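Novice: Got a structure for you, questions after.
Nothing in this text is a laboratory measurement; each read-out follows from the coordinates by a stated rule. In this text the structure is predicted, and so the values were computed from the model without any measurement. Positions of Cβ are generated from backbone atoms using ideal geometry, with glycine treated the same way; all protein chains shown enter the neighbour counts.
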Amino acid sequence: MSGKKIKVINIVGARPNFMKIGPIAEEMEKANFEQILVHTGQHYDYKMSKLFFNELGLPRPHINLSVGSGSHAMQTGEIMKRVEDIFLDEKPSLVLVVGDVNSTLACALTASKLGIPVAHVEAGLRSFDRSMPEEINRVLTDVLADYLFITEDSAAVNLEREGIKQEKIFFVGNTMIDTLIKFKKKAGKIPVLINGIDVKKQSYGVLTMHRPCNVENERNLKNILKALKEISMNIPIIFPAHPRTLKQIKRIGLMNYFSDIKSGINSRINPIRKKALPELSNGVYAIEPLGYLEFLSLMTGSKIVFTDSGGIQEETTVLNIPCITLRDNTERPVTVRIGSNVLVGADREKIVHEAEKSLNGSKKSGKIPQFWDGNAAKRIVKVLVSQLTSHPVAQLSR
Ligand code: UD1
């Protein structure tokens, strides 16, 4: 590209943002954008943040707002206060936000009030459940955004229903899947060691859970853990636990649902070498959060995944691994309609029933949604180049 560079501020804040921004930053670099990466610091533990930068080869953030934890209002407000001066000083042509976390809304709102165009990647997804903080973040970010990049066709229907003009909506695919496709082979080679045993050499399931509707609700949390304990009598389940989930499990005294990491070892005779190989015994194993590559490795080797995460519903669809979603709704309906996902909520019987069906051979397999092909970021940057070079940007004032 020739002439003046397009200056963009890209925002990241929480764990699921990092793999969405990676491919976009790479394409922007190729298109010669001037990029500033701002990390709000919403996630700050090494294993929830810096590890991802290292593994994904992301550029170091130019600015870290170090906002940390707090109530929703505190976190959102504090990000807004801290990011406003940066926007005013840098005068970007665009602020780009991804996903649905508090950092997404805070930065979109601040930019929008300063008259800076906003791009929202992963726009239009709706669970229609306003008790989810992410749903509120999605709806409000989409009202403010000037360029809405969508991952599936349901999003276009939602946005049009909410009165968003069609010319602002661009169906580009899924940048989280761009990252998955890029790193799948590398991740596949990484062992996942528990007690020195590579669990990938045996059959196992994976659990992730962090949504307030499951973690803060004692009844739901117990139902899920009871179901998982029952399922784990047949297959060990590995549970990389979000710090908040683990805190809550300890607080209400539910650690007895988990197997002791040190003692859960079996042995199996390898018929070729006639030698005993150590295996992880049945049970649910809570481990620390994993980095991107280790988690992808764990997921690709698994027979079944239980989750309440949004991104994992998408990743299992592409990997064609049965996904039992511990929610009553999903903002990503394509993963249920054509992918490998089923919704079971926190219903103990349903969780066990769907797991048995999958493990007994009638697994739900699916197709890969349109444009989930590794080229979403390329499409986004192409749109931005054509849009931003044809619309001059207004001057900013406080
Ligand atoms: C946030 C997102 C959620 C996303 C999730 C992925 C919002 C509203 N929620 O939820 O959509 O799916 O990230 O993980 O933005 N904590 C740590 N270390 C950290 C980060 C958090 O210990 O590095 C603990 C703290 O106790 C903190 C709590 O987790 O108070 C909640 O963190 P927060 O960023 O508010 O939300 P998440 O639950 O992580």
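Novice: List pairs: first in the stretch 132-151 and closer than 11 Å to G99 by Cα, second within 16 Å of the ligand (Cβ to nearest atom) and among the small types (G, A, S), Cβ under 7 Å, 6+ apart or cross-chain?
Specialist: E135/S127; T141/A108; D142/A123; F149/A123; I150/A123
Novice: Quick one: which of V143, V121 is among the β-branched types (V, I, T) and under 20 Å from L58 (Cβ atoms)? Break it down stepwise before answering.
Specialist: Numbers: V143 fails: under 20 Å from L58 (Cβ atoms).
Result of the check over V143, V121: V121.
Novice: Give the residue that is farthest from L388 (Cα to Cα), with candidates limited to residues of the stretch 144-161 that are outside any helix (DSSP H, G or I) and more than 16 Å from the ligand (Cβ to nearest atom).
Specialist: Out of the qualifying residues, it is E152.
Novice: State which residue is farthest from the ligand (Cβ to nearest atom) when the search covers only the stretch 54-79 and only residues that are part of a helix (DSSP H, G or I) and surrounded by fewer than 18 Cβ atoms within 10 Å (Cβ to Cβ).
Specialist: Of the residues in the stretch 54-79, the ones part of a helix (DSSP H, G or I) are 54-56, 72-79.
Among the residues that remain, those that are also surrounded by fewer than 18 Cβ atoms within 10 Å (Cβ to Cβ) are: 54, 72-74, 77.
Details: N54: 15, H72: 6, A73: 11, M74: 10, G77: 13 Å.
Looking at the filtered set, the residue picked out is N54.
Novice: List, please: which pairs have Cβ atoms under 8 Å, are six or more places apart or on different chains, and start with a residue in the stretch 60-72 that is in contact (Cβ under 8 Å) with a residue 60 or more places away in the chain and on the phi > 0 side of the Ramachandran plot and end with one that is within 9 Å of the ligand (Cβ to nearest atom) and aliphatic (A, V, I, L, M)?
Specialist: Once the first residue is in contact (Cβ under 8 Å) with a residue 60 or more places away in the chain and on the phi > 0 side of the Ramachandran plot and sits in the stretch 60-72, no partner that is within 9 Å of the ligand (Cβ to nearest atom) and aliphatic (A, V, I, L, M) comes close enough.
Novice: Let me ask something additional. Being within 15 Å of the ligand (Cβ to nearest atom), buried (at least 21 other Cβ atoms within 10 Å of the Cβ) and more than 25 Å from I312 (Cα to Cα): is that true of I11 here? Explain how you work it out, then say what you get.
Specialist: Values: within 15 Å of the ligand (Cβ to nearest atom): yes; buried (at least 21 other Cβ atoms within 10 Å of the Cβ): yes; more than 25 Å from I312 (Cα to Cα): no.
Spelling it out, it is not the case that I11 is within 15 Å of the ligand (Cβ to nearest atom), buried (at least 21 other Cβ atoms within 10 Å of the Cβ) and more than 25 Å from I312 (Cα to Cα).
Novice: Something else about it: Condition first: among the β-branched types (V, I, T), more than 16 Å from the ligand (Cβ to nearest atom), within 21 Å of V172 (Cα to Cα) and surrounded by fewer than 18 Cβ atoms within 10 Å (Cβ to Cβ). Can you find one or more residues in the stretch 126-143 that meet it?
Specialist: As a first pass, look at the stretch 126-143 and keep what is among the β-branched types (V, I, T): 136, 139, 141, 143.
Still in the running and more than 16 Å from the ligand (Cβ to nearest atom): 143.
Applying the additional criterion that residues be within 21 Å of V172 (Cα to Cα) yields 143.
Going one step further and asking which of them are surrounded by fewer than 18 Cβ atoms within 10 Å (Cβ to Cβ), we end up with 143.
Yes, the stretch 126-143 has at least one match.
Novice: Also, quick follow-up: I'm checking my understanding of the structure. Among residues of the stretch 94-123 that are of a type in the set (A, V, I, L, M, F, W, C) and assigned to a strand (DSSP E or B), which one is farthest from the ligand (Cβ to nearest atom)?
Specialist: Taking the stretch 94-123 as the starting set, the residues that turn out to be of a type in the set (A, V, I, L, M, F, W, C) are 94-98, 101, 105-109, 111, 114, 116, 118-119, 121, 123.
With the extra rule that they be assigned to a strand (DSSP E or B), the set shrinks to 94-98, 118-119, 121.
On the way: L94: 22, V95: 17, L96: 17, V97: 12, V98: 12, V118: 17, A119: 19, V121: 15 Å.
Selected residue: L94.
Novice: Report whether or not E84 is more than 19 Å from the chain's Cα centre (by Cα) and within 15 Å of the ligand (Cβ to nearest atom).
Specialist: Values: more than 19 Å from the chain's Cα centre (by Cα): yes; within 15 Å of the ligand (Cβ to nearest atom): no.
Spelling it out, it is not the case that E84 is more than 19 Å from the chain's Cα centre (by Cα) and within 15 Å of the ligand (Cβ to nearest atom).
Novice: What's the number of the condition G339 fails, among (1) outside any loop (DSSP other than H, G, I, E, B); (2) surrounded by 18 or more Cβ atoms within 10 Å (Cβ to Cβ)?
Specialist: (1)
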